[in-house]
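The values are calculated or read from the model by the stated rules, or taken from the named source; none is laboratory data. Predicted model, so just to flag it, every value in this text is computed and none were measured. Cβ atoms come from the backbone with ideal geometry, glycine included; neighbour counts cover every protein chain shown.
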Amino acid sequence: MSNFFNELAEDGFVIFDGQSFGDSTIEIATNVGTVMNVPGAKTVQELTPSNKGSLEASSYSGIYGVEEFPFHSDMAHWFRPPRYLLLCCKVPAISVETRVVKSERIFESEETHDLRRALFRPRRRLNGRLSHLRLFEGDFYRWDSLFIQPINELASSLRSRVIDRLTVVSYEAVVLSNCHQCLLIDNWQTFHSRTAVTAEGMNRKIERVYLAEVKG
Amino acid sequence: MEQTSNEWSKESLFAKAQLYAEVMFEHQDNNWQFGLWSAFVIEMLVRATVSNVSPVLLADSKDWNNLLHALDKPIKKQKFVAKSASITELIQRVESLADGFTREHSNFCASHVARRNSEVHSGSMPFENLGTSSWLPNFFMVTQILADEIGESLESLLGREVAKQAKEEIEALKDDTANAVKGTIATHKTVWGDASPEEQEQARRQAATVSLRHYGHRVNCPACGCTALLVGKAAGEAKAEVSDDGIIERQVMRPETFQCVACSLKINGYSKLRAAGLGDSYISTSSYDALEYFDVDIDEHIRDMMADDNNEY
């Protein structure tokens, strides 16, 4: 178990066999950490490839369809996004990769005070409110090229630099190739993306659960 | 996990202070908007400081539903609009909550907020042509104390470059030895008074001839009243604007040295100049021909329009 937590702390993600923790996704999630209920979503969310236009343009599937999803952190437009996301493979697709990059690397050349002064906001009001957001909040990083927008000039130029860096950054590629194989991602310390889904990957099915903490 | 931030949270209020500070420094020191936005910065910082202890302390105590709002609790009262305490009251609360925030700081904040109220609620123009030395060092001093109090810094509020200038202003404000310059001025005044009217007139004319705008900013000497020169250093970025005659560049200058040819008074250093009532920043204006400003080489453009160079025929 210590390897599990070491890997998670060091790499920002860990791949493991879900069957060691339980049979169902919710059982695995409960044994790994504290499950979070996300407003407006099921506790266990089923992720399957969808073609553009079949969903609303307020989700990545609605915008990108089966094309590549850019690097992001989940719920980056929230004031404090969920800490972890657990992905459990139900139907594998070996042609589809989940890519993970440590967020810290993207910002290492940034001046701390400018990073603090670069202010963003969600692109739409959430519960009738807009919150000020920063890409580094002191204890976590956030990123989304669509769902958060720069408010000031510092943020606009930072956004451009982040986009440039994410197009050339080296990343870890994970393929969930077996049923019950799981990927636990630290949503505060990494950004992740998904490659395009090819015709043979259209049956891919992943279940996702958000966790507030992992049981150490 | 939180979808949104509480509008009375320290984080939200400090972020607004950062944005207001950015707008403030988009204007030059002598612009009324520079002063107005500075008052908004103070207000947000005061509120962030109170909220840092608890957002509940921001609530207007007349309606306890305001306390619920501060705690993000659901409110059953119909048509409820949350109301926070007045800024004057919050300034007093900060005096009790923040260690380094004294009555002097509190008085400055209250008077600066009063200027803002006068600006937005009346036809008067309290920030127009308001000399910076009368308030800017105090503004920086207060922002530093409040930013420190909430775990932030002048750099995170204003950026590294402005924070550097702010620290110099704060040092000048703290420099008690600078007041010694008042003695020097008094001595020069006495010597000037001893001179005959003819000598004074000759010196006055000479000073007016020598003290040209080209060399610095013309001011009246605090000892003899003759025309004298202030020379400063650039503070912040120059702002350029296009006019019919070319490019006009305006640069805010912070006074560094003063010299009066008539009575020979010399003052070096911003803190002493401030103590002498000569600390107001001024604008240095330069006019450029557009070709000169953009370093355009007309000949090169003409050559570019010709056919390629060919020395074979």
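Assorted remarks:
- Residue in region A:141-153 that is crowded, with 19+ Cβ neighbours inside 10 Å, under 15 Å from the mean Cα position of the chain (by Cα) and not in a loop (DSSP other than H, G, I, E, B) present: yes
- For region A:1-92, the helices (runs of 4 or more DSSP H) that sit wholly inside it and include 2 or more residues that are over 17 Å from A:V214 (Cα atoms) are A:60-64.
- Hits in region B:135-150 - residues which are in contact (Cβ under 8 Å) with a residue 40 or more places away in the chain and over 14 Å from B:P255 (Cα atoms): B:W135, B:F139, B:V142, B:T143, B:I145, B:L146, B:A147, B:D148, B:E149, B:I150
- Subset tally (residues that are more than 9 Å from every other protein chain (Cβ to nearest Cβ), closer than 14 Å to B:L146 by Cα and over 16 Å from the mean Cα position of the chain (by Cα)) for region B:7-23: 2
- Any hit, region A:92-100, residues being at negative phi, away from chain B (no Cβ under 11 Å) and of a type in the set (G, A, S): yes
- A single member of B:D63, B:D72 is within 14 Å of B:E11 (Cβ to Cβ) and either at pLDDT below 95 or under 29 Å from the mean Cα position of the chain (by Cα) (or both), and it is B:D72.
- Scope region A:101-140; condition away from chain B (no Cβ under 14 Å) and either under 27 Å from A:L184 (Cβ atoms) or buried (at least 21 other Cβ atoms within 10 Å of the Cβ) (or both); matching residues: A:V101, A:K102, A:S103, A:E104, A:R105, A:I106, A:F107, A:E108
- In region B:279-313, of all residues being in contact with a helix residue (DSSP H, G or I) (Cβ under 8 Å, 6 or more places away or on another chain) and touching a residue at least 24 places away in the same chain (Cβ under 8 Å), the one that is farthest from B:G193 (Cα to Cα) corresponds to B:S281.
- Qualifying residue in region A:154-166 (condition: within 9 Å of chain B (Cβ to nearest Cβ) and either in a helix (DSSP H, G or I) or crowded, with 21+ Cβ neighbours inside 10 Å (or both)): yes
- The single residue among A:R121, A:R105 that is over 11 Å from the mean Cα position of the chain (by Cα), among the charged types (D, E, K, R), in a helix (DSSP H, G or I) and modelled with pLDDT of 95 or more turns out to be A:R105.
- Sole exception among (1) farther than 30 Å from B:E168 by Cβ; (2) crowded, with 21+ Cβ neighbours inside 10 Å; (3) among the aromatic types (F, W, Y) for B:F80, by number: (2)
- Taking the numbered list (1) on the phi > 0 side of the Ramachandran plot; (2) not in a loop (DSSP other than H, G, I, E, B) in turn, A:G138 passes all entries but (2).
- Residues of region B:257-274 that turn out to be over 16 Å from the mean Cα position of the chain (by Cα) and either part of a strand (DSSP E or B) or at pLDDT below 90 (or both), as a count: 6
- Taking region B:202-232 as the range and being touching a strand residue (DSSP E or B) at 6+ places or on another chain (Cβ under 7 Å), modelled with pLDDT under 90 and surrounded by fewer than 21 Cβ atoms within 10 Å (Cβ to Cβ) as the test, only B:Y215 passes.
- Taking (1) more than 14 Å from every other protein chain (Cβ to nearest Cβ); (2) closer than 22 Å to A:H180 by Cα in turn, A:G33 satisfies each apart from (1).
- Qualifying positions in region A:182-212 - surrounded by fewer than 19 Cβ atoms within 10 Å (Cβ to Cβ) and either over 15 Å from the mean Cα position of the chain (by Cα) or assigned to a loop (DSSP other than H, G, I, E, B) (or both): A:W188, A:T195, A:A196, A:T198, A:A199, A:E200, A:G201, A:M202, A:N203, A:K205
- Answer residue from region B:233-242, given it is touching a strand residue (DSSP E or B) at 6+ places or on another chain (Cβ under 7 Å) and assigned to a loop (DSSP other than H, G, I, E, B) and is nearest to B:G183 (Cα to Cα) among those: B:A235
- When region B:95-124 is filtered for residues that are surrounded by 12 or more Cβ atoms within 10 Å (Cβ to Cβ) and touching a residue at least 40 places away in the same chain (Cβ under 8 Å), the ones remaining, listed by number, are B:L97, B:A98, B:G100, B:F101, B:H105, B:C109, B:H112, B:V113, B:R115, B:R116, B:E119.
- Any chance A:A199 is hydrophobic (A, V, I, L, M, F, W, C) and without any contact (Cβ under 8 Å) to a residue 40 or more places away in the chain: yes
- Residues that are aliphatic (A, V, I, L, M) and either surrounded by fewer than 19 Cβ atoms within 10 Å (Cβ to Cβ) or within 14 Å of chain B (Cβ to nearest Cβ) (or both) within region A:67-91 comprise A:M75, A:A76, A:L85, A:V91, listed in sequence order.
- Failed item in (1) under 30 Å from A:N203 (Cβ atoms); (2) within 13 Å of chain B (Cβ to nearest Cβ), with A:I151 passing the rest: (1)
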